Amino acid sequence: MTVHLSFLLIITGLTGIHSITTVSEVSVKAGDSVTIPCLYDSKYTNHVKYLCKGSTWSSCSYAVKTNQQNSEKFSISDDKKQRIFTVTIKDLTDKDTDYWCAVEINGGSDVREYFHLSVNRDTPSLYVDHQEITGFKGHTITINCHYHNYGEMKWCRLGSSCMTTSSGSIDGTRVTINANVPNVFTVTMSGLRTESSGWYWCVKGDIQMPVHVTVTEKPATITATGLTPVSPTLKPVNLTPAPTAQGGHPSLSDHLKIFGIRLSVLVLVVMVTLFICFLIKRHSKYMVN
């Protein structure tokens, strides 16, 4: 009976641990901000999510919760469709090291997952240029993962698989990894689809760095008939002036010459008119005398 109960407790503990998936170790620079994604089980969609600060679960304290207002230091948002809540920690210091992604369980123990932030005064061990990147449907995006540590390099999708080879695919999106430049491995995602949107992370050794990818439709271009989607078979209407007799388009100097001629003619007409008026007035004066 005791063995059976212990076994159940172990299974329950393991289930709780895997109810949330997040990073384990992230290297950041002091003074910067970082956003951490936390994937949760579908059964927790309508539960309150929160970030707990502390090295141990028993002693950690609330930092921010989805049912409370964000603070200047911490913010949280919950994407229930993707089942991911994200926490952002700003103005990082050497005290911002130990955190837990957690979900409230009414009448039971909250489920949680621990992650550690390694705060550096100098360059982080693994970092990206931007944590948020946007690409167009059908196009390609590139993420540069800068590193100063050792270990295997990977490109992973949150809640899905990782890629360690130079080329392959993740959830139907083509991925290539290029490590020809020292201390940088470049991830290229091509043939982007709407389903390619989501959270990924660079991995080098034991350190990860989350990156959020958003895939959108390519913006339309403005033509003479209004907004028209870009198409290889449709060309925008030419709105430039018609060609001159010499086969070119009027230049700025040509326009200035035309303006100068018109102004000269106008001045001449005004002068002639004033002169005629002067003569008529003078002739009238002599007739009176």
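The values are calculated or read from the model by the stated rules, or taken from the named source; none is laboratory data. None of the values given here were measured: they were computed from a predicted structure. Cβ: placed from backbone, ideal geometry, glycine included. Neighbour counts: every protein chain shown. Side chains included, ligands, DNA and RNA excluded: accessible areas come from the protein's heavy atoms. Shrake-Rupley method; radii C 1.70, N 1.55, O 1.52, S 1.80 Å.
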**Asked** Quick check: anything in the stretch 131-138 among the polar types (S, T, N, Q), out of contact with any Ser or Thr (no Cβ under 6 Å at 6 or more places or on another chain) and open to solvent by 70 Å² or more (accessible area, probe 1.4 Å)?
**Response** no
**Message:** modelled with pLDDT of 70 or more, open to solvent by 100 Å² or more (accessible area, probe 1.4 Å) and among the β-branched types (Val, Ile, Thr): which single residue out of Ile276, Ile222, Ile261 fits that description?
**Reply:** Ile261
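Condition check ((1) at pLDDT below 50; (2) exposed (fewer than 13 other Cβ atoms within 10 Å of the Cβ)) across all residues:
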residue	(1), (2)
Ile10	yes, yes
Ser19	no, no
Ser24	no, yes
Cys38	no, no
Leu51	no, no
**Prompt:** Name the pairs: first residue in the stretch 43-54 and touching a residue at least 60 places away in the same chain (Cβ under 8 Å), second residue open to solvent by less than 20 Å² (accessible area, probe 1.4 Å), Cβ to Cβ under 9 Å, at least 6 apart or on different chains?
**Reply:** Tyr44/Ser19; Tyr44/Ile20; Tyr44/Val103; Tyr44/Val111; Cys52/Tyr99; Cys52/Cys101; Cys52/Ala102
**Message:** Let me confirm something: among Arg121, Arg174, Arg83, which residue is touching a Phe, Trp or Tyr at 6+ places or on another chain (Cβ under 9 Å) and of a type in the set (D, E, K, R)?
**Reply:** Arg83
**Asked** With respect to the numbered conditions (1) in a helix (DSSP H, G or I); (2) in contact with a Leu (Cβ under 7 Å, 6 or more places away or on another chain), which one is the sole condition not fulfilled by Ser27?
**Response** (1)
**Request:** Output yes when any residue across the stretch 74-83 is in contact with a strand residue (DSSP E or B) (Cβ under 6 Å, 6 or more places away or on another chain) and in contact (Cβ under 8 Å) with a residue 40 or more places away in the chain, and no when none is.
**Result:** yes
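Would you please name the residue that is nearest to Asp206 (Cα to Cα), looking only at residues in the stretch 88-98 that are among the acidic types (Asp, Glu) and open to solvent by 30 Å² or more (accessible area, probe 1.4 Å)? Let's see the steps before the verdict.
Just the residues of the stretch 88-98 that are among the acidic types (Asp, Glu), to begin with: 91, 94, 96, 98.
Narrowing the set further to residues that are open to solvent by 30 Å² or more (accessible area, probe 1.4 Å) leaves 91, 94, 98.
Values: Asp91: 24, Asp94: 20, Asp98: 16 Å.
If we take residues in the stretch 88-98 being among the acidic types (Asp, Glu) and open to solvent by 30 Å² or more (accessible area, probe 1.4 Å), then Asp98 is nearest to Asp206 (Cα to Cα).
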**Prompt:** So, of the residues in the stretch 175-200 that are more than 20 Å from the chain's Cα centre (by Cα), surrounded by fewer than 16 Cβ atoms within 10 Å (Cβ to Cβ) and of a type outside the set (A, V, I, L, M, F, W, C), which turns out to be nearest to Pro124 (Cα to Cα)?
**Reply:** Asn183
**Prompt:** Failed condition for Ala102, given (1) among the small types (Gly, Ala, Ser); (2) in a strand (DSSP E or B); (3) more than 28 Å from Tyr40 (Cα to Cα), with all others met?
**Reply:** (3)
**Message:** Restricting to the stretch 46-93, and then to whatever is within 18 Å of Val23 (Cα to Cα) and of a type in the set (D, E, K, R), can you tell me which residue is farthest from the chain's Cα centre (by Cα)?
**Reply:** Lys53
**Prompt:** Counting only residues that are open to solvent by 30 Å² or more (accessible area, probe 1.4 Å) and either in contact with a Pro (Cβ under 6 Å, 6 or more places away or on another chain) or at negative phi (or both), how many does the stretch 61-87 have?
**Reply:** 16
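Go through the stretch 99-130 and report how many residues are in contact with a Leu (Cβ under 8 Å, 6 or more places away or on another chain) and open to solvent by 30 Å² or more (accessible area, probe 1.4 Å).
In the first step, residues of the stretch 99-130 are kept if they are in contact with a Leu (Cβ under 8 Å, 6 or more places away or on another chain); the result is 99-102, 117, 119.
Applying the additional criterion that residues be open to solvent by 30 Å² or more (accessible area, probe 1.4 Å) yields 100, 119.
Count: 2.
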**Asked** When residues of the stretch 22-39 are filtered for being among the acidic types (Asp, Glu) and closer than 14 Å to Asp206 by Cα, how many remain?
**Response** 1
